[in-house]
Amino acid sequence: MEIKDVKEKIKHILMTNYDVIMEEKISEQELRQYIDKIIDMLNQKEKELLSNHHVRNQLIQEIIDAMIGFGPLKPFLEDPQVTEIMINSFDRIFIEKEGKMQAVSSGFSNEQELMGFIHKLVSATQRRLDETNPYVDFSLSDGSRVNIILPPLALDGPAITIRKFLRELNTIEDLVARNTLNSDMAQFLLAAVKAKCNILFSGGTGTGKTTTMNILSQYIDKKERIITIEDTSELRLNQDNIVRLETRQANVEGRGEVTIRDLFINSLRMRPDRIILGEIRGQEALDMLMAILSGHNGSMAIIHSGSPQEVISRIETMIAMSSVALPLWVIRKQISEGLDLIVHQAQMLDGSRKITHITEVGEYKNEEVQLYDIFVFEYDESLATTEKIDGRWRKTGKIPKFIHSLQRVEKRINEDFFKEKI
């Protein structure tokens, strides 16, 4: 008999009463007292294993964390250097730490314990997770985003992905300190936000798009009314005049679904000064463009793409798949007239995240939407390794068409600002 066997025995007794515990919303202190009583009921040999006060307290805390806390995930959620937690099955957990993927030795005891943890997470939300709806997205109270998918879709058992909300990233200076961008780029983007430019934040999964948009959104004037629309609430804005909207899944009968597009259309009736979309991925692309062209400037949104050029083709595809039939040249002309900037972000081979392009969306010419890079990140191929990416940000010398709008909010941004310093 080992301590881990005693721990499993106590957890088994608790799991037998799991539903009662959850229904009563038992506090940590009450659960501790309950565990103490179970320990007192153990046989003498089992009690001897827990005779050391420190060992007993540690075992009790581990059980409490498993029942009403985050169990084996707790140290990773508390570690500020861990950005992502991935559970492939109950005994296979990976984390991303400082941009690097690594396996960890801790895990859940069995699939039953993992399912108990999943039900505990989901029960605190208004989301549904069952056989008819076997995957779900939601946010933890700290803003971290959670995705769960169940068998039979997940072949090796329930899978969980947690993208942590990074508390230490709050200002544009924090992003500069992390080498996500340089100070000139930061100054330019702050001016673009204050000048109510329409900005798309693009990049692949996990590249930091949401973090960058969230931080820049903090600099919107507090006098403005902001509407945020998300599938899963992640944005954490500190303004007072803000309305946060979130989509809703269909119920068991398949009714009641509320989509991003539904919320966007409704938001136009809410007297918004700014509309911020968590992600564009469907017919709302056309709605957003139409709203911008009708005077709702200052919109910001996220879109998944591999490059600024791909952003345009993705929007074209989304609009083409909508219920409104428009010629391609009309779509492209609306894109060129509605959007101002694309801020493209990527994760480097060394795990760092950088804004690689700040690109102006230019005019419609030669049957194409013209794109003009204002800032680009250039790799030094002779020095780049998987351990450390070397390179620099460069100004292209392109002066954006909306420079006068920038100068109204930031006098230091003149034509000389866009010249590369030698």
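Got at least one residue in segment 197-216 being under 27 Å from Gln407 (Cα atoms), at pLDDT below 95 and surrounded by fewer than 16 Cβ atoms within 10 Å (Cβ to Cβ)?
The answer is no, given that none of the residues of segment 197-216 is under 27 Å from Gln407 (Cα atoms), at pLDDT below 95 and surrounded by fewer than 16 Cβ atoms within 10 Å (Cβ to Cβ).
Picking from Lys196, Lys223, Lys120, which residue would you name as being closer than 30 Å to Glu310 by Cα and of a type in the set (D, E, K, R)?
Lys196
If I go through segment 71-115 residue by residue, how many of them are in contact with a helix residue (DSSP H, G or I) (Cβ under 7 Å, 6 or more places away or on another chain) and without any contact (Cβ under 8 Å) to a residue 12 or more places away in the chain?
Qualifying residue count for the region: 1.
Pick from Arg225, Arg236, Arg248: which is in the same structural domain as Ala285 (by TED's automatic domain parsing), in contact with a Pro (Cβ under 9 Å, 6 or more places away or on another chain) and among the basic types (Lys, Arg)?
Arg225
Return the total of residues in segment 168-178 being more than 17 Å from the chain's Cα centre (by Cα) and surrounded by 14 or more Cβ atoms within 10 Å (Cβ to Cβ).
Count: 4.
Right, Ile21: farther than 19 Å from Ile160 by Cβ, assigned to a helix (DSSP H, G or I) and at pLDDT 80 or above or not?
no
With Gly338, Gly282, Gly256 as the choices, which residue is modelled with pLDDT under 95, in contact with a helix residue (DSSP H, G or I) (Cβ under 7 Å, 6 or more places away or on another chain) and more than 27 Å from Ala195 (Cβ to Cβ)?
After applying the criteria, what remains is Gly282.
Show the residue pairs that are 6+ apart or on different chains and have beta-carbon atoms under 8 Å apart, the first residue being within segment 356-382 and aliphatic (A, V, I, L, M), the second being assigned to a loop (DSSP other than H, G, I, E, B).
These pairs meet every condition: Val361/Leu339; Val361/Asp340; Ile374/Thr396; Ile374/Lys398; Ile374/Pro400; Val376/Thr396.
For Ser202, which of the numbered conditions (1) part of a helix (DSSP H, G or I); (2) in contact (Cβ under 8 Å) with a residue 40 or more places away in the chain; (3) over 16 Å from Asn297 (Cα atoms) fails to hold?
(1)
Could you tell me which residue of segment 172-200 is nearest to Ala285 (Cα to Cα), considering only residues that are aliphatic (A, V, I, L, M) and in contact with a strand residue (DSSP E or B) (Cβ under 8 Å, 6 or more places away or on another chain)? Don't jump to the end; show me each part of the working.
Just the residues of segment 172-200 that are aliphatic (A, V, I, L, M), to begin with: 172, 175-177, 181, 185-186, 189-193, 195, 199-200.
If we keep only those that are in contact with a strand residue (DSSP E or B) (Cβ under 8 Å, 6 or more places away or on another chain) as well, we get 181, 185, 189, 192-193, 199-200.
On the way: Leu181: 27, Met185: 27, Leu189: 22, Ala192: 21, Val193: 20, Ile199: 13, Leu200: 11 Å.
Restricting to residues being aliphatic (A, V, I, L, M) and in contact with a strand residue (DSSP E or B) (Cβ under 8 Å, 6 or more places away or on another chain), the top hit is Leu200.
Just give me the residues in segment 179-195 being buried (at least 21 other Cβ atoms within 10 Å of the Cβ) and under 22 Å from His296 (Cβ atoms), in sequence order.
Leu189, Ala191, Ala192, Val193
Can you list residue pairs whose Cβ atoms sit under 7 Å apart, with the first residue in segment 398-422 being farther than 16 Å from Met185 by Cβ and the second being part of a loop (DSSP other than H, G, I, E, B) and at pLDDT below 95? Count only pairs 6 or more apart in sequence or on different chains.
Gln407/Ile413; Gln407/Asn414
Return the total of residues in segment 306-361 being of a type in the set (A, V, I, L, M, F, W, C), surrounded by fewer than 17 Cβ atoms within 10 Å (Cβ to Cβ) and assigned to a helix (DSSP H, G or I). Quick ask: steps written out before the conclusion?
Of segment 306-361, the ones of a type in the set (A, V, I, L, M, F, W, C) are 311-312, 315, 318-321, 324-326, 328-331, 335, 339, 341-343, 346, 348-349, 355, 358, 361.
With surrounded by fewer than 17 Cβ atoms within 10 Å (Cβ to Cβ) added as a condition, the list becomes 320-321, 324-326, 328-330, 349.
After this cut, where a residue has to be assigned to a helix (DSSP H, G or I) as well, the list is 320, 328-330.
Here the count works out to 4.
Here are the criteria: (1) of a type outside the set (Val, Ile, Thr); (2) buried (at least 19 other Cβ atoms within 10 Å of the Cβ); (3) under 30 Å from Val6 (Cα atoms). Tell me which single one Phe165 does not satisfy.
The one condition Phe165 does not meet is (3).
Say whether the condition of being out of contact with any Pro (no Cβ under 9 Å at 6 or more places or on another chain) and under 21 Å from Ser123 (Cβ atoms) is met by at least one residue in segment 53-64.
yes
Quick one: is Val146 touching a Phe, Trp or Tyr at 6+ places or on another chain (Cβ under 6 Å), of a type outside the set (Asp, Glu) and within 18 Å of Asn88 (Cα to Cα)?
Criteria met by Val146.
The values are calculated or read from the model by the stated rules, or taken from the named source; none is laboratory data. A quick note: this is a predicted structure, and the numbers were derived from the prediction, not measured. All Cβ positions, glycine included, derive from the backbone under ideal geometry; neighbour counts span all protein chains shown.
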